[in-house]
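Take a look at the structure set out below.
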Protein chains: 2
Amino acid sequence: MSETIPHWLTKQAFLAPNKTAIELENGDTISFLELKERSMRFAKQLAQTGISKGDHVGILSTNNVSMVVAIHSLSYLGAVSVMLNTRLTKQELDYQVRDADVTTVLTSEQFKEINFSIPVKSFFEIEQYLEKPIKLQSVMNLEDTFTIIYTSGTTGFPKGVIHTIGNHWWSSIGSALNLGLDHKDKWLAVLPIFHVGGLSIFIRSVIYGIPVYLVEKFDEKVVHEAILTKGVTIVSVVTVMLHRLGEYLGDNRYPDSFRCMLLGGGPAPKPLLEKAKVQHIPVFQSYGMTETSSQIVTLSPSDALEKLGSSGKPLFPAQLKIDGPKGDIGEIMVKGAMVTSGYYKNPKATDIAITDGWLSTGDLGFEDKDGFLYVVDRRKDLIISGGENVYPSEIESVLMEMEGINEVGVVGRKDNLWGQVPVAFIVLKDRSVYQDDILVFAEKRLAKYKIPKQIFFVDELPRNASNKLVRAKLENMLDKK
Amino acid sequence: MSETIPHWLTKQAFLAPNKTAIELENGDTISFLELKERSMRFAKQLAQTGISKGDHVGILSTNNVSMVVAIHSLSYLGAVSVMLNTRLTKQELDYQVRDADVTTVLTSEQFKEINFSIPVKSFFEIEQYLEKPIKLQSVMNLEDTFTIIYTSGTTGFPKGVIHTIGNHWWSSIGSALNLGLDHKDKWLAVLPIFHVGGLSIFIRSVIYGIPVYLVEKFDEKVVHEAILTKGVTIVSVVTVMLHRLGEYLGDNRYPDSFRCMLLGGGPAPKPLLEKAKVQHIPVFQSYGMTETSSQIVTLSPSDALEKLGSSGKPLFPAQLKIDGPKGDIGEIMVKGAMVTSGYYKNPKATDIAITDGWLSTGDLGFEDKDGFLYVVDRRKDLIISGGENVYPSEIESVLMEMEGINEVGVVGRKDNLWGQVPVAFIVLKDRSVYQDDILVFAEKRLAKYKIPKQIFFVDELPRNASNKLVRAKLENMLDKK
């Protein structure tokens, strides 16, 4: 039976009309009732352009309220938001727009001049339309599609991950069962909303009835101040943000009311986690991806004392298994109602990725005897050197422990003798560290075959819109060297 | 698509093995891991008797741990628990056992001699069996039946309400979204587990990962002490329990950590709610029934300040409407994934009760302008006197305000002139109150047609196992007078 629920924004606006839904850096607030009314008005304005149930509409925007309104509006029309990454090239965007059968692209002002083969309208333009008197969706069917978000696979073109309303719903519920739910919570959103990690905060806000503190662009000072003075209780971050926040925090402490620093976006270097522990930052390390509608495995700070470096256990409604012998490293497989049912118009990729509800993540990891997941690396990032498995993130973690090193990225280089060997890209804090120091440091801590065979000093590492290290770009840099 | 989740007890035992699942009055505790292991062992012992997937098994027991273990065990076998009310007559039990196709009845020691036409085994007897080495259910399908609980309808024989695993799941989630979820919560269970109000506490415990403080029989002193000294944060009660607890509390206060007195089981008299407010008892008035798998509409204490007497708003995943003109009193209709899909082997009753997912509750109520539900009365209890609607609970509430009156039950008596007239059954606190005093009191506060035409002083009112007033029994008493 396909379940229906009341439209979640309409429902929350009914349950808590005057409660703040979104709080902005300038102190402005929008209540759930206002957010609903603005979204309904925008929906009726969108309807004037001919957008209707089932249509796919691109959203190309930096983080702002109009973008959030647009996403809710499309759900009131029964249309689908195709979330477009603002850092993509025109060619990449063209591919996604075409592949997802997008009929209109909605943008914030700075992107309205982009020339797609389909209509492009800025949020502001739509707001000038008259409202078409149509009936909006009052209920949501959990099986209907809410968003399509593209993800780069291990091979080939990006694939459009379909998220149903149910995927987002179950993701929110799974997170609440793990983190608990306090109606006094306030969740800071600074991750891009075009990624599922940022988007999911706004969906949780509506389902839980808690405010989002919306930060348009990451700045450690802004986030720090929000935690200290704005009543923020939860922040979602990626490793580089945690790193910068930790540096900024120094010997100070966050208030006790700040209860969760939800860390996602890839394996975290152990020194970073250890430092956060010393600083009493309540880090919840997590594991997830676009296909799982955000976190699906999470470690609570209480477990972190014993299990530092683990991503924790699968959320209540989710299941996890490792493909391979018990205790060994193998591919991480996950299942649950927050996991996508597949890729848009790509049954082949869907069949490869999902079998009987189990998603093959492409990540490598193992479970310890207590069932805690340790993510080792992306399978595609695995370096095989002389028959030995070499995990780039392990080498990165070790080198990060060295004084004077700020960031490390490790990839494999082709080698005639060994097949592959590891090489490292390093961002220094200052120029007092030399290659030989690093190699001496590494030799004490790593097996010989794991020691980088080359070290490149760079000013910064290539990161994507979520600030995740893009190893593929390091490999490209390598090809040019 | 039918969703599956990991078996909820297995999952919680994995997430929080050492956390307390059940705490007893004598101080004993059972962890989630122990509860899982005991339930799995009991399941394998049950398997020796031939019970297997799909079987219907009666549970006839007062509140105790073995009963909880039995319910979980049956879910490990994929069998269904048919919850039997210990206060029923043998004839009533026979009807339910036969109607529900029960193949075995499991009992606590005091009921093992009951002679059904099918095997009866005490929990203790089963515990003496060897374990059959079978594979237990590791996942749960939300569409599978978990329990069948009989409810007396407005007409005819009791009907077996089917609760799927999904009904219980969504009920738990709806409650958490409303009450919030704190992993430090401890929920006191004193309502009979054979009713959905008691049972649901044990399911929430497993899904939330919080302990139940199990009280076998209501005693205001025991509950009071548990709130004061055992860290209990939530208690589910019916009106008579709240009344007794309030009397016992007197001028004292519960600790701030006690955050929710969840009140269900029928309309609450306003004086009781007002008194609770004065005593700072955090009453969450709620509305629900067996068919809704416990509460489906709930009022938070913050809203209670303005909306005293309302049952609140429908839980997040639920919908509510009143059958009739807007603002008028009409039949309460509810819809949502916690609402039963129907009655066991009774498609006719199901068709009458449920249309397009909307359950006709048989209760009368109205929504105020802000969407708060006020339950007026059971439709079948409505008294029509000279064409005027007379709501028994209104008269009861008014009379309860009078000093010296302890309990009131009002029903309609046939009357040749008016069709029906209200009559009252009253339990006095002492003998200082006379019939004339009551009539004088009533005449000042009630329209003439609402004033009881007869008053019967009784020692106690007939209540069911949930301590709810049974008006049908008052009507029987009336017939004999």
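Does segment A:394-409 hold any residues that are touching a helix residue (DSSP H, G or I) at 6+ places or on another chain (Cβ under 8 Å), outside any loop (DSSP other than H, G, I, E, B) and open to solvent by less than 30 Å² (accessible area, probe 1.4 Å), and which are they?
Within segment A:394-409, A:395, A:397, A:398, A:399, A:405, A:408, A:409 qualify.
Would you mind telling me which numbered condition in (1) among the polar types (S, T, N, Q); (2) within 11 Å of chain A (Cβ to nearest Cβ); (3) farther than 30 Å from residue A:4 by Cα residue B:12 fails?
Of everything listed in (1) among the polar types (S, T, N, Q); (2) within 11 Å of chain A (Cβ to nearest Cβ); (3) farther than 30 Å from residue A:4 by Cα, residue B:12 misses just condition (3).
Just for segment A:195-215: of the residues that are among the aromatic types (Phe, Trp, Tyr) and not in a strand (DSSP E or B), which one is nearest to the other protein chains (Cβ to nearest Cβ)? If you could, list the steps in order and put the result at the bottom.
Initially, segment A:195-215 is screened for residues among the aromatic types (Phe, Trp, Tyr), giving A:202, A:208, A:213.
Of the ones still in play, those that are also not in a strand (DSSP E or B) are A:202, A:208.
Details: A:202: 16, A:208: 7 Å.
By that ranking, first place goes to A:208.
State whether the residues of segment A:179-186 include one that is out of contact with any Cys (no Cβ under 9 Å at 6 or more places or on another chain) and either under 24 Å from residue A:151 (Cα atoms) or among the hydroxyl-bearing types (Ser, Thr, Tyr) (or both).
So far as segment A:179-186 goes, no, none of its residues is out of contact with any Cys (no Cβ under 9 Å at 6 or more places or on another chain) and either under 24 Å from residue A:151 (Cα atoms) or among the hydroxyl-bearing types (Ser, Thr, Tyr) (or both).
Picking from A:229, A:290, A:239, which residue would you name as being of a type outside the set (D, E, K, R), open to solvent by 20 Å² or more (accessible area, probe 1.4 Å) and without any contact (Cβ under 8 Å) to a residue 40 or more places away in the chain?
Details: A:290 fails: without any contact (Cβ under 8 Å) to a residue 40 or more places away in the chain; A:239 fails: without any contact (Cβ under 8 Å) to a residue 40 or more places away in the chain.
Of A:229, A:290, A:239, the one residue that is of a type outside the set (D, E, K, R), open to solvent by 20 Å² or more (accessible area, probe 1.4 Å) and without any contact (Cβ under 8 Å) to a residue 40 or more places away in the chain is A:229.
Run residue B:26 past the list (1) open to solvent by less than 50 Å² (accessible area, probe 1.4 Å); (2) away from chain A (no Cβ under 14 Å); (3) not charged (D, E, K, R) and report the number of the one that doesn't hold.
Failing condition for residue B:26: (1).
Taking the residues in segment A:167-184 that are of a type outside the set (A, V, I, L, M, F, W, C) and at the interface with chain B (Cβ under 9 Å from one of its Cβ atoms) as candidates, determine which candidate is most open to solvent (accessible area, probe 1.4 Å).
Going residue by residue through segment A:167-184, those that are of a type outside the set (A, V, I, L, M, F, W, C) are A:167-168, A:171-172, A:174-175, A:178, A:180, A:182-184.
Narrowing further to those that are at the interface with chain B (Cβ under 9 Å from one of its Cβ atoms): A:178, A:180, A:182-184.
On the way: A:178: 47, A:180: 7, A:182: 68, A:183: 64, A:184: 170 Å².
So the residue we want is A:184.
Given the conditions (1) in a helix (DSSP H, G or I); (2) within 14 Å of chain B (Cβ to nearest Cβ); (3) out of contact with any Lys or Arg (no Cβ under 7 Å at 6 or more places or on another chain), report the number of the one that residue A:5 does not fulfil.
Against the list (1) in a helix (DSSP H, G or I); (2) within 14 Å of chain B (Cβ to nearest Cβ); (3) out of contact with any Lys or Arg (no Cβ under 7 Å at 6 or more places or on another chain), residue A:5 comes up short only on (1).
Looking only at residues in segment B:318-341 that are within 14 Å of another protein chain (Cβ to nearest Cβ) and of a type in the set (D, E, K, R), which one is nearest to residue A:139 (Cα to Cα)?
By that ranking, first place goes to B:335.
Sort out which residues of segment A:312-332 are small (Gly, Ala, Ser), in a loop (DSSP other than H, G, I, E, B) and at pLDDT 95 or above, and write them in order of number. So that I can check it myself, show each step before the final result.
So the first thing to find is which residues in segment A:312-332 are small (Gly, Ala, Ser), and the list is A:312, A:318, A:324, A:327, A:330.
Still in the running and in a loop (DSSP other than H, G, I, E, B): A:318, A:324, A:327.
Scanning segment A:312-332 gives a single hit, A:318.
What tally of residues in segment B:34-51 results from selecting those that are open to solvent by less than 10 Å² (accessible area, probe 1.4 Å) and in contact with a Lys or Arg (Cβ under 6 Å, 6 or more places away or on another chain)?
Within segment B:34-51, residues that are open to solvent by less than 10 Å² (accessible area, probe 1.4 Å) and in contact with a Lys or Arg (Cβ under 6 Å, 6 or more places away or on another chain) number 1.
Of the residues that make up segment B:343-350, is at least one open to solvent by 40 Å² or more (accessible area, probe 1.4 Å), in contact with an Asp or Glu (Cβ under 8 Å, 6 or more places away or on another chain) and in contact (Cβ under 8 Å) with a residue 40 or more places away in the chain?
Yes, segment B:343-350 has at least one match.
Could you go through segment A:445-465 and let me know if any residue there is under 29 Å from residue A:88 (Cα atoms), of a type in the set (Lys, Arg), touching a residue at least 60 places away in the same chain (Cβ under 8 Å) and not assigned by TED's automatic domain parsing to the domain that holds residue A:328.
Yes, segment A:445-465 contains at least one residue that is under 29 Å from residue A:88 (Cα atoms), of a type in the set (Lys, Arg), touching a residue at least 60 places away in the same chain (Cβ under 8 Å) and not assigned by TED's automatic domain parsing to the domain that holds residue A:328.
Scanning for something surrounded by 18 or more Cβ atoms within 10 Å (Cβ to Cβ), modelled with pLDDT of 95 or more and within 14 Å of another protein chain (Cβ to nearest Cβ), does segment A:52-65 turn up at least one residue?
no
What's the number of the condition residue B:414 fails, among (1) of a type in the set (Lys, Arg); (2) buried (at least 18 other Cβ atoms within 10 Å of the Cβ); (3) at pLDDT 85 or above?
Among (1) of a type in the set (Lys, Arg); (2) buried (at least 18 other Cβ atoms within 10 Å of the Cβ); (3) at pLDDT 85 or above, residue B:414 violates only (2).
Residues of segment A:67-111 being part of a helix (DSSP H, G or I) and surrounded by fewer than 21 Cβ atoms within 10 Å (Cβ to Cβ), which ones? Step through it out loud before you land on a result.
The initial filter retains those residues of segment A:67-111 that are part of a helix (DSSP H, G or I), namely A:67-77, A:90-99, A:109-111.
Hits for segment A:67-111 are A:90, A:91, A:92, A:94, A:95, A:98, A:99, A:109, A:110, A:111.
List pairs: first residue in segment A:102-113 and in the same structural domain as residue A:344 (by TED's automatic domain parsing), second residue modelled with pLDDT under 95 and open to solvent by less than 10 Å² (accessible area, probe 1.4 Å) anywhere in the structure, Cβ distance under 8 angstrom, at least six positions apart or on different chains.
If the second residue must be modelled with pLDDT under 95 and open to solvent by less than 10 Å² (accessible area, probe 1.4 Å), no pairs are left.
Looking at the structure I just gave you, is residue A:31 in contact with a Lys or Arg (Cβ under 9 Å, 6 or more places away or on another chain), within 27 Å of residue B:177 (Cα to Cα) and polar (S, T, N, Q)? Give the steps one after another, and end with the answer.
Numbers: in contact with a Lys or Arg (Cβ under 9 Å, 6 or more places away or on another chain): yes; within 27 Å of residue B:177 (Cα to Cα): yes; polar (S, T, N, Q): yes.
It is true that residue A:31 is in contact with a Lys or Arg (Cβ under 9 Å, 6 or more places away or on another chain), within 27 Å of residue B:177 (Cα to Cα) and polar (S, T, N, Q).
With respect to residue A:303, is the statement that it is at pLDDT below 90, within 14 Å of chain B (Cβ to nearest Cβ) and over 24 Å from residue A:471 (Cβ atoms) true?
Details: at pLDDT below 90: yes; within 14 Å of chain B (Cβ to nearest Cβ): yes; over 24 Å from residue A:471 (Cβ atoms): yes.
In short, yes.
Exactly one of (1) without any contact (Cβ under 8 Å) to a residue 40 or more places away in the chain; (2) away from every other protein chain (no Cβ under 14 Å); (3) part of a loop (DSSP other than H, G, I, E, B) is unmet by residue B:221. Its number?
Looking at each condition in turn, residue B:221 falls short on (3).
Against the conditions (1) free of Cβ contacts under 8 Å to residues at least 24 places away in the same chain; (2) more than 14 Å from chain A (Cβ to nearest Cβ), where does residue B:33 fall short? Just the number, please.
It fails just one condition, (2).
Out of (1) open to solvent by 60 Å² or more (accessible area, probe 1.4 Å); (2) under 31 Å from the mean Cα position of the chain (by Cα); (3) farther than 24 Å from residue B:264 by Cα, what's the single condition that is false for residue B:423?
Checking residue B:423 against (1) open to solvent by 60 Å² or more (accessible area, probe 1.4 Å); (2) under 31 Å from the mean Cα position of the chain (by Cα); (3) farther than 24 Å from residue B:264 by Cα, the one that fails is (1).
Would you check which residues across segment A:276-306 are assigned to a helix (DSSP H, G or I) and not hydroxyl-bearing (Ser, Thr, Tyr) and list them? Break it down into steps so the answer makes sense when it comes.
Applying the first criterion (assigned to a helix (DSSP H, G or I)) to segment A:276-306 yields A:276-278, A:290-292, A:301-306.
Matches in segment A:276-306: A:276, A:277, A:278, A:291, A:301, A:303, A:304, A:305, A:306.
The rows are residues; the columns are (1) away from chain A (no Cβ under 14 Å); (2) among the hydrophobic types (A, V, I, L, M, F, W, C); (3) surrounded by 24 or more Cβ atoms within 10 Å (Cβ to Cβ).
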position: B:113; (1), (2), (3): yes, no, no
position: B:116; (1), (2), (3): yes, yes, no
position: B:120; (1), (2), (3): yes, yes, no
position: B:123; (1), (2), (3): yes, yes, no
position: B:136; (1), (2), (3): yes, yes, no
position: B:143; (1), (2), (3): no, no, no
position: B:147; (1), (2), (3): yes, no, yes
position: B:165; (1), (2), (3): no, yes, no
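Quick one: count up the residues across segment A:323-342 that are out of contact with any His (no Cβ under 7 Å at 6 or more places or on another chain) and open to solvent by less than 30 Å² (accessible area, probe 1.4 Å).
Within segment A:323-342, the subset out of contact with any His (no Cβ under 7 Å at 6 or more places or on another chain) is A:323-339, A:341-342.
Filter again for open to solvent by less than 30 Å² (accessible area, probe 1.4 Å), leaving A:330-334, A:336-339, A:342.
Qualifying residue count, segment A:323-342: 10.
Tell me yes or no: at least one residue of segment A:2-14 is among the polar types (S, T, N, Q), in the same structural domain as residue A:102 (by TED's automatic domain parsing) and under 26 Å from the mean Cα position of the chain (by Cα).
yes
How many of the residues in segment A:342-355 are at pLDDT below 95 and either under 21 Å from residue A:294 (Cβ atoms) or within 12 Å of chain B (Cβ to nearest Cβ) (or both)?
The qualifying residues number 2.
The values are calculated or read from the model by the stated rules, or taken from the named source; none is laboratory data. Computed from a prediction, not measured in an experiment: that's the story for all the values here. Glycine gets a Cβ as well: all are built from the backbone with ideal geometry, and neighbour counts include every protein chain shown. Keep in mind that these areas ignore ligands, DNA and RNA; they rest on the heavy atoms of the full protein, side chains included. Shrake-Rupley method; radii C 1.70, N 1.55, O 1.52, S 1.80 Å.
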